[in-house]
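In what follows, a single structure is set out as structure tokens and then discussed.
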Amino acid sequence: MNVLELQRVSKVYGQDATVVNALSGVDLSVQPGAMVAVMGPSGSGKSTLLTIAGSLEEPTEGEVLIEGAPLSRMSRNARARLRRRSIGYVFQDFNLLPGLTAAENVALPLELDGMPARRARAAGLRALDDLGLAERAGRFPDQLSGGERQRVAIARAVVGERRLLLADEPSGALDSVNAEAVMRLVHDACKRGVAAVVVTHDAQLASWADRVVFLRDGRIVDQTAPVPGPESLLTTPGQSQ
Amino acid sequence: MSVRHALLALLSEGPKYGLQLREEFEARTGEVWPLNVGQVYTTLQRLERDGLVESDGSEEGPQKGFRITAGGQEELAGWLRTPPDQTSPPRDELVMKVLVALRVPGVEVREVIQVHRRYLVQLMQQWTRLKEDEAEFDLGLALVVDAELFRLDAVIRWLDATDGRLKRAAADGGSARQPVPPPMPNLRRRQGVRR
């Protein structure tokens, strides 16, 4: 079953003369363990696609299904529960709470979902440990580097039983080494079965994905074919001169 | 890629045999430049002829040893610091295709751009696969893969910028499907594009 499915999703902002078709008839399916990148220029609808996929916004038309369940038929409470339990978000500017330590930030969604604080904290520490941040668990966000902050944000997005990771330009202003580390973590999460959608205008980030879809003016206009192994790159004739 | 200078670089570490040079060349370049034995020996013979290496005088074969001469050291130091020729646009074929597409009736240039963008992203995906196994990702290979990814990324950025310019030009021109193509620039004269 697809973890995420967008069926003919459209989103219209404004009306009459000021109407903007942010998304038009978008179909997208993401299976467990798949990493899909959505590439497109500014204003192509990338972020709108992500907020609708994450149930943070409702489509004007069409349906969003998370693990087969249509969001339009869920109550507000059920959708909020789904966001806390099944969906992890990573934003460009990290969105960590400055008054909480790294461990508390990671444990927060579990605590909000009703998990006892001690268990939530233990799960948070495990998630940080998985990302090589165990020693930073007690630090506050402003005591961490940009790369560490984003790793904490990813730990928060995958902690617990999250099935879907949604990331909006997750490497933001990080340098290329830290950006690669972030994408490697997203990629590793997918290997463990998490489905991920990463929106970006950066081809280097997108190239970590199994599939890249191209968005233009709110429509998916193209996508990559399944990627062959890299072997052919290493035996290209004519490179030995 | 200069096999000649790569061999000089390997010999600058100390004397080596022909076969050993081939294996080390491939390992140091992340194994992305396969080299046949014949190439190694032909190059070594020329280096010896030019006085840049000297052999131990034993018979031709995998066990024949070579060492770099003072002249070879000087040649290598000079080569490392000589910038490769980057004066002509290296991606002229793609640039020309897009410029030509602007002038061909019935061709949607942005669709042409997307075909190339998709191909380049797929190529980048293939290169990125090499990074997945961090444990097997040695420094030489990492540098080669990074170089390819940055190069391909730059081409995609150019396509994105072109796409943006076309969109703006179309918007400025009202309902025109495509902007009026500019006259073909004389790139050969102005920028030295190679044929």
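Just one of (1) within 14 Å of another protein chain (Cβ to nearest Cβ); (2) among the aliphatic types (A, V, I, L, M); (3) in contact with a Phe, Trp or Tyr (Cβ under 9 Å, 6 or more places away or on another chain); (4) within 28 Å of A:LEU108 (Cα to Cα) fails for A:ALA179. It is (3).
Here A:ALA103 meets each of (1) farther than 22 Å from A:VAL159 by Cα; (2) part of a helix (DSSP H, G or I); (3) over 19 Å from the mean Cα position of the chain (by Cα) with one exception, condition (1). Looking at A:GLY43, is it over 14 Å from the mean Cα position of the chain (by Cα) and among the small types (Gly, Ala, Ser)? So A:GLY43 passes the test.
Note down all Cβ pairs under 7 Å where the first residue falls in the range B:9-24 and is within 19 Å of B:GLN45 (Cβ to Cβ) and hydrophobic (A, V, I, L, M, F, W, C), the second is modelled with pLDDT under 90 and surrounded by 16 or more Cβ atoms within 10 Å (Cβ to Cβ), and they're at least six residues apart or on different chains. Matching pairs, first to second residue: B:LEU10/B:LEU21; B:LEU10/B:GLU24; B:LEU10/B:PHE25; B:LEU21/B:VAL40. Taken over the range B:41-63, the criterion of being under 14 Å from B:LYS16 (Cβ atoms) and at pLDDT 85 or above is satisfied by B:TYR41, B:THR43, B:LEU44, B:LEU47, B:GLU48, B:VAL53, B:GLU54, B:SER55, B:ASP56.
Condition check for A:GLY172 on (1) in contact with a Phe, Trp or Tyr (Cβ under 9 Å, 6 or more places away or on another chain); (2) at the interface with another protein chain (Cβ under 9 Å from one of its Cβ atoms); (3) at pLDDT below 85: one failure, at (2).
Of the candidates B:GLY71, B:GLY106, B:GLY61, B:GLY38, the single residue that is loosely packed, with under 12 Cβ neighbours inside 10 Å, free of Cβ contacts under 8 Å to residues at least 60 places away in the same chain, not basic (Lys, Arg) and not in a loop (DSSP other than H, G, I, E, B) is B:GLY38.
Checking every residue in the range A:225-241 against the condition of being touching a residue at least 40 places away in the same chain (Cβ under 8 Å) and either surrounded by fewer than 19 Cβ atoms within 10 Å (Cβ to Cβ) or touching a Leu at 6+ places or on another chain (Cβ under 8 Å) (or both) gives zero matches.
Taking the numbered list (1) over 20 Å from A:LEU82 (Cβ atoms); (2) of a type outside the set (D, E, K, R); (3) not assigned by TED's automatic domain parsing to the domain that holds A:GLY54 in turn, A:ALA120 passes all entries but (1).
Results for (1) of a type outside the set (Lys, Arg); (2) modelled with pLDDT under 95; (3) more than 30 Å from A:ARG126 (Cβ to Cβ), shown as yes or no for each residue.
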| residue | (1), (2), (3) |
| --- | --- |
| A:THR18 | yes, yes, yes |
| A:ASP27 | yes, no, yes |
| A:GLN31 | yes, no, no |
| A:ALA53 | yes, no, no |
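Please state which one of A:LEU112, A:LEU71, A:LEU97 is over 16 Å from the mean Cα position of the chain (by Cα) and closer than 21 Å to A:ASP142 by Cβ. Unique residue meeting the criteria: A:LEU97. The number of residues in the range A:14-47 being of a type in the set (Ser, Thr, Tyr) and either in contact with a helix residue (DSSP H, G or I) (Cβ under 8 Å, 6 or more places away or on another chain) or without any contact (Cβ under 8 Å) to a residue 40 or more places away in the chain (or both) comes to 2.
Determine whether A:HIS187 is out of contact with any Cys (no Cβ under 8 Å at 6 or more places or on another chain), more than 24 Å from A:GLY43 (Cβ to Cβ) and within 14 Å of another protein chain (Cβ to nearest Cβ). When the stated conditions are applied, A:HIS187 passes them.
Between a first residue in the range B:116-128 that is within 7 Å of chain A (Cβ to nearest Cβ) and a second residue that is small (Gly, Ala, Ser) and surrounded by fewer than 21 Cβ atoms within 10 Å (Cβ to Cβ), which pairs have beta carbons less than 7 Å apart while being 6 or more apart in sequence or on different chains? If the second residue must be small (Gly, Ala, Ser) and surrounded by fewer than 21 Cβ atoms within 10 Å (Cβ to Cβ), the pairs left are B:GLN122/A:ALA225. A single member of A:GLU231, A:GLU180 is of a type in the set (Asp, Glu) and in the same structural domain as A:VAL3 (by TED's automatic domain parsing), and it is A:GLU180. Picking from residues in the range B:129-141 that are surrounded by 13 or more Cβ atoms within 10 Å (Cβ to Cβ) and either under 14 Å from the mean Cα position of the chain (by Cα) or facing chain A (nearest Cβ under 10 Å) (or both), the one that is modelled with the highest pLDDT is B:ARG129. A:ARG156: surrounded by 19 or more Cβ atoms within 10 Å (Cβ to Cβ), charged (D, E, K, R) and farther than 26 Å from A:VAL26 by Cα, yes or no? Considered against the rule, which asks whether it is surrounded by 19 or more Cβ atoms within 10 Å (Cβ to Cβ), charged (D, E, K, R) and farther than 26 Å from A:VAL26 by Cα, A:ARG156 comes out as yes.
Residue by residue, here is whether (1) within 14 Å of chain A (Cβ to nearest Cβ); (2) surrounded by fewer than 14 Cβ atoms within 10 Å (Cβ to Cβ); (3) within 29 Å of B:LEU130 (Cβ to Cβ) holds:
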| position | (1), (2), (3) |
| --- | --- |
| B:THR42 | yes, yes, no |
| B:GLY57 | no, yes, no |
| B:GLU75 | no, no, no |
| B:GLY78 | no, yes, no |
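The values are calculated or read from the model by the stated rules, or taken from the named source; none is laboratory data. All values reported here derive from a predicted model rather than from experimental measurement. Methodologically, a virtual Cβ is constructed for each residue, glycine included, from the backbone with ideal geometry; neighbour enumeration extends over all protein chains shown.
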